[in-house]
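Presented below is the structure to which this report refers.
The values are calculated or read from the model by the stated rules, or taken from the named source; none is laboratory data. Since this is a predicted model, take the numbers as computed values, not measurements. Every residue, glycine as well, gets a Cβ built from its backbone with ideal geometry; the counts of neighbours run over all protein chains shown. What goes into the accessible areas is simple: the full protein's heavy atoms, side chains included, and nothing from ligands, DNA or RNA. Shrake-Rupley method; radii C 1.70, N 1.55, O 1.52, S 1.80 Å.
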Amino acid sequence: MKSPYPRWFYLPAALVYAVLFVVPTFASFYFSLTRWTIFESHFIGLDNFVTFFQEPALVKGFVNTLIYGIVTSGLKVVLGLGLAVLLTGRIAARGYLRSVVFFPVLVSTIGVGLTFTVLMNPERGLINQALGTVGVDGPGWLTDPAYALLSVALVDVWKGVGLATLIFIAGIVSIPQEYFEAARTDGASAWDMFRNITLPLARPATVTVVILSLIGGLRSFDLIWAMTRGGPGFTSDVVASVIYKQYQAGFAGLSTAGNVVLFVIVTAIVLPLSRFLNRKEVEL
Amino acid sequence: MNGRRNWVLSIVAIVVSAVVFLVPFAFIVLMAGKDRAQASLLDFSWPHQLQFVRNFIDVVEARDYMLIIAYINSTVLTVASVAGMVVLAAMVAFVLQRRPGRWGGFINFLVLAGLIVPPAVVPTIWVLKGTGTFGTMPGLILVEIAFGLSFCVLLFRAFIATIPRELDEAAVIDGAGPLRLFFRVIFPLLRSVIITAVVVQSVTVFNDFVNPLYFLPGDPTVQLTLYNFAGQYTSEYNLLFMNILLITVPPLVMFLFFNRRIVAGMTAGAIKG
């Protein structure tokens with residue numbers, strides 16, 4: 001008798017996925033070793049990668065990608081957890097607060113980026129105007145090479161912290177109330193409970209937030225492109241924006257080498273990390 | 001125990017959240033209603049004369065109604081790709097959950113790879129060119145489907161695990177073939193999780209900037225109009241912000257109607273890693 005679960009159900013999805021995702025991924029390993037114009041390719045060995053790690057602009061992109069990924073993901077974990085504890089605690093207007101923190105997640109990244117570009121204008125922008133009224137001389141958020149990347153990272157956190165918060169809330173809500181009641185009976189303080197109950201038992205949520213925001217942060221392109229286009233100069237370039245710039249300049253091989261570098265960064269960080277984090281599951 | 005509320009903390013939280021999260025949106029709305037001269041001051045102020053309607057008309061008419069074309073393109077893209085990925089992913093998830101077999105491990109690996117691996121951009125263009133679909137809407141739709149499948153498969157597989165197998169058996173005994181079993185029995189039962197997937201993925205595809213930028217040059221989607229206007233409107237911030245306001249409306253509507261669904265979809269997997 002034939003199975004009611006035929007394998008050909010995989011076929012349509014497999015076809016689309018293979019042609020537009022698997023094939024390009026494998027092709028990228030080959031084309032990254034070539035000088036390529038999309039029509040013609042010449043095998044040149046590892047030259048693209050040598051260029052990638054010698055050209056200061058490209059090395060900067062590599063370093064910035066790591067900084068951006070770690071900063072955004074770290075801040076999302078800390079702020080998301082803080083907000084989640086706040087929003088599951090004794091506080092009024094929870095529904096409003098959750099909505100207002102979460103809504104930016106759904107808004108167009110380009111729209112958010114352009115809005116904050118205006119808000120961060122060094123002379124006329126609202127942020128520096130507001131800082132000026134309390135006597136602080138705000139920096140050129142996006143025009144100063146020392147701050148540009150971090151400013152974009154902060155906007156990324158502003159936009160994405162709502163998702164981290166929701167994931168933490170789901171994790172905290174799933175902790176049985178009995179633990180808190182027992183701890184309270186034993187005279188535990190709020191900090192004790194956070195440290196010894198919430199933190200360890202919300203661990204799956206923490207793992208999810210770390211992994212999701214690292215994957216997103218390392219691959220991030222649109223916000224950076226909308227706000228600085230990698231500038232001033234190339235000081236806020238990341239690998240994803242280098243890929244686009246090299247593609248536009250016609251260096252398809254170098255662009256694809258950038259893709260392979262990004263692939264290696266993401267898998268080399270995310271896979272071991274998720275294995276490590278998932279292994280240290282708490283014993284109940 | 002949760003009865004006593006901490007009012008001081010509540011008020012601080014409400015004020016801070018308003019400053020941090022509402023002011024930028026208020027800024028967008030105010031800017032969208034200003035005249036050109038006042039908008040170029042970039043300050044947070046009430047418009048001297050409200051001209052929402054005029055700015056709206058100006059933005060719609062700009063560049064031969066580019067925004068209208070972009071809205072049509074984005075709608076076609078979103079509807080077609082989300083419909084495609086939901087149906088294809090549900091078929092995969094169904095067989096994958098019911099009959100993991102020899103292929104199960106490999107397919108799970110592919111699904112996870114789809115979430116982690118950054119798409120190889122230029123080789124994708126190369127494939128699209130090779131199949132004659134580069135720069136065409138069908139090509140971009142298929143790309144969006146390929147990139148969205150993984151999320152949908154994970155969401156559906158978890159839900160299908162909760163549908164009892166007895167239901168399948170009953171349908172088979174009644175003479176249903178695989179197609180009938182899936183489309184008439186299982187698919188309708190997925191309704192709630194399908195709504196979640198549709199809402200989350202619609203917002204994702206509608207807001208997508210990178211894929212249209214690479215794979216559909218020349219034909220604008222709404223995110224690209226914004227990007228193009230940003231270059232053109234360096235002196236017309238009122239129109240730029242009217243445009244931002246207009247493309248924020250669809251996600252806002254989704255949020256107002258499907259808040260719970262979106263939250264359910266996006267936090268799926270938070271409890272069991």
Task: Complete set of residues in region B:128-138 that are of a type outside the set (F, W, Y) and within 11 Å of chain A (Cβ to nearest Cβ) - done: B:L128, B:K129, B:G130, B:T131, B:T133
Open item on the list: Criterion first (within 14 Å of another protein chain (Cβ to nearest Cβ), among the aliphatic types (A, V, I, L, M) and open to solvent by less than 60 Å² (accessible area, probe 1.4 Å)) does B:A62 satisfy it?
Closed with: no
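Condition check ((1) more than 7 Å from every other protein chain (Cβ to nearest Cβ); (2) within 12 Å of B:I125 (Cα to Cα); (3) out of contact with any strand residue (DSSP E or B) (no Cβ under 6 Å at 6 or more places or on another chain)) across all residues:
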| site | (1), (2), (3) |
| --- | --- |
| A:Y17 | no, no, yes |
| A:V22 | yes, no, yes |
| A:S28 | no, yes, yes |
| A:T34 | yes, no, no |
| A:I38 | no, yes, yes |
| A:H42 | yes, no, no |
| A:D47 | yes, no, yes |
| A:V50 | yes, no, yes |
TODO: Assess whether B:F206 counts as being at pLDDT below 90, assigned to a helix (DSSP H, G or I) and under 13 Å from the mean Cα position of the chain (by Cα).
DONE: no
- [ ] Just one of (1) closer than 19 Å to B:F56 by Cβ; (2) in a loop (DSSP other than H, G, I, E, B) trips up B:D219, so point out which.
- [x] (1)
Task: Matching residues in region A:270-284 - criterion: being open to solvent by 40 Å² or more (accessible area, probe 1.4 Å) and at the interface with chain B (Cβ under 10 Å from one of its Cβ atoms) - done: A:L271, A:N278, A:E281
Task: Which listed residue is within 8 Å of chain A (Cβ to nearest Cβ) and either β-branched (V, I, T) or crowded, with 20+ Cβ neighbours inside 10 Å (or both), from B:I141, B:I125 - done: B:I125
TODO: For region B:99-111, indicate whether the set of residues that are surrounded by 19 or more Cβ atoms within 10 Å (Cβ to Cβ), more than 8 Å from chain A (Cβ to nearest Cβ), touching a helix residue (DSSP H, G or I) at 6+ places or on another chain (Cβ under 6 Å) and more than 27 Å from A:V264 (Cα to Cα) is non-empty.
DONE: no
Task: region B:199-214: number of residues that are crowded, with 23+ Cβ neighbours inside 10 Å and more than 23 Å from A:F103 (Cα to Cα) - done: 1
Open item on the list: Looking at region A:241-251, can you tell me whether even one residue there is assigned to a helix (DSSP H, G or I), under 27 Å from A:G162 (Cα atoms) and open to solvent by less than 60 Å² (accessible area, probe 1.4 Å)?
Closed with: yes
Task: Cross-chain or 6+ apart pairs with Cβ under 8 Å, region B:150-178 first and within 11 Å of another protein chain (Cβ to nearest Cβ) and open to solvent by 60 Å² or more (accessible area, probe 1.4 Å), then at pLDDT below 90 and not in a helix (DSSP H, G or I) - done: none
Task: Scan of region B:185-198 for residues that are of a type in the set (A, V, I, L, M) and surrounded by fewer than 23 Cβ atoms within 10 Å (Cβ to Cβ), ordered by number - done: B:V185, B:I186, B:L189, B:L190, B:I194, B:I195, B:V198
TODO: Would you be able to say whether some residue in region B:82-102 is of a type in the set (A, V, I, L, M) and either assigned to a loop (DSSP other than H, G, I, E, B) or over 30 Å from B:L167 (Cα atoms) (or both)?
DONE: no
Task: helices (runs of 4 or more DSSP H) enclosed by region A:67-172 - at least 3 residues per element that are at positive phi, open to solvent by less than 20 Å² (accessible area, probe 1.4 Å) and touching a residue at least 60 places away in the same chain (Cβ under 8 Å) - done: none
Open item on the list: Would you confirm whether or not region A:179-186 contains a residue that is more than 17 Å from A:L79 (Cα to Cα) and in contact with an Asp or Glu (Cβ under 6 Å, 6 or more places away or on another chain)?
Closed with: no
